[in-house]
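Please treat every number below as a calculation from the coordinates, not as lab data. The shown structure was predicted, so the numbers you read here are calculated from the model rather than taken from an experiment. All Cβ positions, glycine included, derive from the backbone under ideal geometry; neighbour counts span all protein chains shown.
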Ligand SMILES: NC(=O)c1ccc[n+]([C@@H]2O[C@H](COP(=O)([O-])OP(=O)(O)OC[C@H]3O[C@@H](n4cnc5c(N)ncnc54)[C@H](O)[C@@H]3O)[C@@H](O)[C@H]2O)c1
């Protein structure tokens, strides 16, 4: 992939061996000098292109961050403790990784005057009071993870306002696509596809009427590139599609695309689950020129194709 708007830069991608970070790394590596900074706790070396430098270190390692981590023209900060459940079990650790390390990164970036595009999350809104959710809507996170993301989202703005550091926070909604593996924290799409392809029942929590805004990984990469080149810094942007589906509809769509015999079964609702989520993306559209390009059906077909290849 060539990115005419983003070339010949020294780029650092923290969490670059993970799902989103590795797609970003692949997109950038063609025309830029990319370094991935990842502890590999959740990422996979196989996700990192061969010609990319790798710093295998923890973002909590201040020395590594200071020495190598921020020698770049641009930083994309994706590394995080990504599991909401784990953040509830280990809130202090979540804060250390998700807040303190990000804070150190912003400090280093500020000393070197390096723009930071960081991964925030729709989790900052908690149980939304309405949909679609605008950036200015109430934020009452329901987990340490959500609170930590809200904190760094605010820090990003403060570093811009107080110290002139160029920052952009991207509030991802539900990101999916090839490379996202099923597991404890995995997005619902990878779990459903895994169940459908292995002939197991597709398990929908509760009545399945809860809604989500699923955004395909290529559009998240696009948002990051736009954020790296925009003049509209010091801002946070919702990154979704502006459309939502119910989880029941999603399960049916995956049934259809995989042509599976798996039935959809309903299990107990999860306590604390967000009922409805959908991004208002007008701000990203207006100021970043961000436009989602991949429909849910097309994104799911591409994701299922990847899973099939992986299974072979
Ligand atoms: N996937 C989504 O739907 C979604 C939604 C909202 C926000 N986000 C955010 O996007 C970012 C990327 O998420 P993802 O889905 O690619 O997750 P992922 O787990 O696939 O990637 C995270 C990467 O960070 C690395 N990492 C974790 N802790 C680290 C540490 N202490 N030091 C160094 N590296 C560390 C992991 O090894 C992994 O490679 C995260 O910040 C996440 O919170 C993701």
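Spin-label model, residue 309/residue 291: points 7 Å from Cα along the beta carbon direction are separated by 2.8 nm.
Can you sort 14, 293, 151, 241 from fewest to most other Cβ atoms within 10 Å of each residue's own Cβ? The partial results should precede the final answer.
On the way: 14 30, 293 12, 151 19, 241 23.
In order of increasing Cβ crowding within 10 Å: 293, 151, 241, 14.
What's the exposure ranking of 256, 194, 153, going from fewest to most Cβ atoms within 10 Å?
On the way: 256 12, 194 17, 153 23.
Starting with the residue having the fewest Cβ neighbours, the order is 256, 194, 153.
With distances taken between every two different alpha-carbon atoms, segment 170-219 has a Kirkwood hydrodynamic radius of 12.0 Å. Computed from label points 7 Å out along Cα-Cβ, the spacing between residue 249 and residue 61 is 4.6 nm. Sorted from longest to shortest, the spans of the Cα atoms of the chain along the three principal axes equal 56, 43, 38 Å. Once both labels are positioned 7 Å from their Cα atoms along Cα-to-Cβ, the gap between residue 163 and residue 89 label points is 3.4 nm. Computed per residue of the chain from DSSP H runs no shorter than four, each worth -39500 (n - 2.57), the mean residue ellipticity at 222 nm is -10500 deg cm²/dmol. Rounded to the nearest 10 degrees, the angle from helix 101-112 to the longest Cα principal axis of the chain is 40 degrees. Would you work out if segment 1-116 is rounded, prolate or oblate? Take a ≥ b ≥ c from the square roots of the eigenvalues of the alpha-carbon gyration tensor; rounded if a/c is under 1.5, else prolate when a/b is larger than b/c, oblate otherwise. It is oblate, given that a/c is not under 1.5 and a/b is not larger than b/c.
Given 0.36 nm per residue, what is the gain on full extension from residue 45 to residue 273 after removing their alpha carbon distance, in nm? Could the numbers behind the result be given before it?
Working: separation 228, 0.36 × 228 = 82.08 nm, distance 3.27 nm.
That pair, residue 45 and residue 273, stretches by 78.8 nm at full extension.
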